[in-house]
Amino acid sequence: MPRPSRCSPEVRERAVRMVVEQAPAHDSPWAAIRSVAEQIGCHSETLRNWVRDHERTVGRRPSPTAADLSRLKGLEREHRELRRANESLHKASAYFAQAELYRRPS
């Protein structure tokens, strides 16, 4: 769970709006973020994260959909299960190979 923000939601919205409005006047988006962060007194990385979240909400920055996230979670679970099964097979083959070495010839 993320830590509660020291800035109120109103300050966050205002800061993001200031970055969007001032971005054309700066050389880069990062320069606009740094400038606004100094003005409002927050860390520039925090403001950058707020701007990224805003861009995802508005649709200007692609973000994974809920279906993508659930599919990825399922694939990760399947991957873990396959790794466990593969490890068991490796151990079993090593066990039988070891047993074959010590078997008495008939």
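The values are calculated or read from the model by the stated rules, or taken from the named source; none is laboratory data. From a predicted model like this one, the values you see are computed outputs, not experimental measurements. Ideal geometry is used to build each Cβ from the backbone, glycine not excepted, and the neighbour counts take in all protein chains shown.
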Here's a check for you: in region 1-43, which residue that is exposed (fewer than 15 other Cβ atoms within 10 Å of the Cβ) and polar (S, T, N, Q) is modelled with the lowest pLDDT?
SER5
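How about region 55-84: which of its residues are surrounded by 12 or more Cβ atoms within 10 Å (Cβ to Cβ) and either modelled with pLDDT of 90 or more or charged (D, E, K, R) (or both)?
Keep residues of region 55-84 that are surrounded by 12 or more Cβ atoms within 10 Å (Cβ to Cβ), which gives 55-56, 61, 63, 71.
Those that are surrounded by 12 or more Cβ atoms within 10 Å (Cβ to Cβ) and either modelled with pLDDT of 90 or more or charged (D, E, K, R) (or both): GLU55, ARG56, ARG61, ARG71.
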Subset of region 90-103 (residues that are aliphatic (A, V, I, L, M) and surrounded by fewer than 10 Cβ atoms within 10 Å (Cβ to Cβ))
ALA97, ALA99, LEU101
Quick count over region 32-65, residues being in a helix (DSSP H, G or I) and over 14 Å from the mean Cα position of the chain (by Cα), is 20
What number of residues within region 6-42 are among the hydroxyl-bearing types (Ser, Thr, Tyr) and out of contact with any helix residue (DSSP H, G or I) (no Cβ under 8 Å at 6 or more places or on another chain)?
2
